[in-house]
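Following: one structure in structure tokens, then a few remarks.
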């Protein structure tokens, strides 16, 4: 099983064994990493599963879709290696991936 390391908001590292085919959001939920909200349950209609991929790992990921890029524009703390956790499926090629959870998230659906 691929190992994915999540760096939590407090800087602590949580290494997970992640079955292939799950998204990073699903992996976080299965491992009780509740700092990734995923308010839309992975339907690509919020940015609360925003994560930052380690620079050395970013090129291993498939390119984001236009819809993902549009939703990322709404994310707080956007970086050049930002992605939505609901859009990244774990594969054997991603073994060793390091993912940082940003300090804050923003849910456009709660904006009034």
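Just so you know, all these numbers are worked out from the coordinates, no wet-lab data involved. Quick caveat: nothing in here was measured; it's all calculated off a predicted structure. As a convention, Cβ positions derive from the backbone with ideal geometry for all residues, glycine included, and neighbour counts pool all protein chains shown.
Computed over region 3-106, relative contact order equals 41 percent, with contacts defined as Cα pairs under 8 Å that lie 6+ residues apart. Packing here is the average count of other Cβ atoms within 10 Å per residue, and on that basis the peptides 70-78, 92-100, highest first, run 92-100, 70-78. Return the percentage of antiparallel bridges among DSSP beta bridges fully within the chain, rounded to the nearest 5 %. If we restrict to bridges inside the chain, about 75 percent are antiparallel. Over all distinct Cα-Cα pairs of the chain, the Kirkwood formula returns a hydrodynamic radius of 13.7 Å.
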